[in-house]
1. Name the long-range amide H neighbours of K52: under 5 Å, sequence gap of 5 or more, or other chain; modelled H, no Pro or chain starts.
2. Please name which of M98, S46, L27 has its Cα lying farthest along the dipole of the chain towards the positive end, using unit charges on Cβ (Lys, Arg +1; Asp, Glu -1) and the Cα centre as origin.
3. Each residue of region 80-87 in order: what ³J(HN,Hα) in whole Hz does its phi give by Karplus 6.51 cos²θ - 1.76 cosθ + 1.60, θ = phi - 60°, with x for Gly and Pro?
4. Convert each backbone phi in region 30-41 into a coupling constant with the Karplus relation 6.51 cos²θ - 1.76 cosθ + 1.60 (shift: θ = phi - 60°), then list the ³J(HN,Hα) values in order as whole Hz, x for Gly and Pro.
5. For the modelled label position 7 Å from the Cα of F82 along Cα-to-Cβ, which residues of region 6-42 have backbone nitrogen atoms closer than 11 Å?
6. From the backbone phi of region 3-12, what are the Karplus-calculated ³J(HN,Hα) couplings (6.51 cos²θ - 1.76 cosθ + 1.60, θ = phi - 60°) in whole Hz, Gly and Pro given as x?
7. As a test of the definition: which semi-axes, in Å, follow for the chain when you take the square root of five times each eigenvalue of its alpha carbon gyration tensor? Largest first, please.
8. Please arrange K52, K12 by how many other C-beta atoms lie within 10 Å of their C-beta, fewest to most.
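FYI, it's all coordinate maths here, none of it is from the lab. These numbers were taken from a predicted model, which means no experiment stands behind them. Cβ atoms come from the backbone with ideal geometry, glycine included; neighbour counts cover every protein chain shown.
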Amino acid sequence: MSIRHAGIFNFKATVSASQKHAFFVALKTLEEINGVENMEVSRQTSSKNKFKYGFSMDFANNDVYKAYSIHPQHDAFVKDYFIPLVEDFMEIDTEKLM
C-alpha cells in the first residue's frame with residue numbers, strides 16, 4: 001500500500017521572510033531523496049484550522065517511507081530548518097484505501 005506523508009505547520013513569530021524562503025527551498029530538496037513522489041508544498045487557505053503552511057509527499061510503501069525517514073538529508077532538514085524555525089505542527093501518515 002502507498003503511504004502519504006503530510007504536515008501542516010506555522011513558523012515561529014521571529015522567523016524572517018528570508019528564513020521562510022530558505023526553509024521552503026530546503027524542504028523542496030527533499031524530493032531528491034529516492035522514493036519521494038508527488039511532493040507538494042502549499043499555503044493553507046482554509047480558516048478551519050490555525051495552520052498556515054503545508055506539505056505532502058507519497059511513497060510506494062512503508063519500507064520506502066521508513067528509508068526516507070532515516071535518510072541523512074531528511075535528518076539534516078529537520079535539524080537545520082524544521083526544529084529551529086517551526087513553532088507548531090501536525091503530521092499525518094496515511095495509507096491509501098481506495
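1. Placed amide hydrogens put F9, N10 under 5 Å from K52.
2. Toward the positive end, the furthest listed residue is S46.
3. Result, ordered by residue: 8, 10, 5, 4, x, 10, 9, 9 Hz.
4. 5, 5, 6, 6, 3, x, 6, 10, 6, 6, 9, 10
5. Counting only backbone N, you get 6-8, 27.
6. Karplus values, whole Hz, x for Gly and Pro: 10, 10, 9, 9, x, 10, 7, 10, 7, 4.
7. Gyration-tensor ellipsoid for the chain: 23, 17, 10 Å.
8. On the way: K52 14, K12 11.
Arranged by neighbour count, lowest to highest, K52, K12 become K12, K52.
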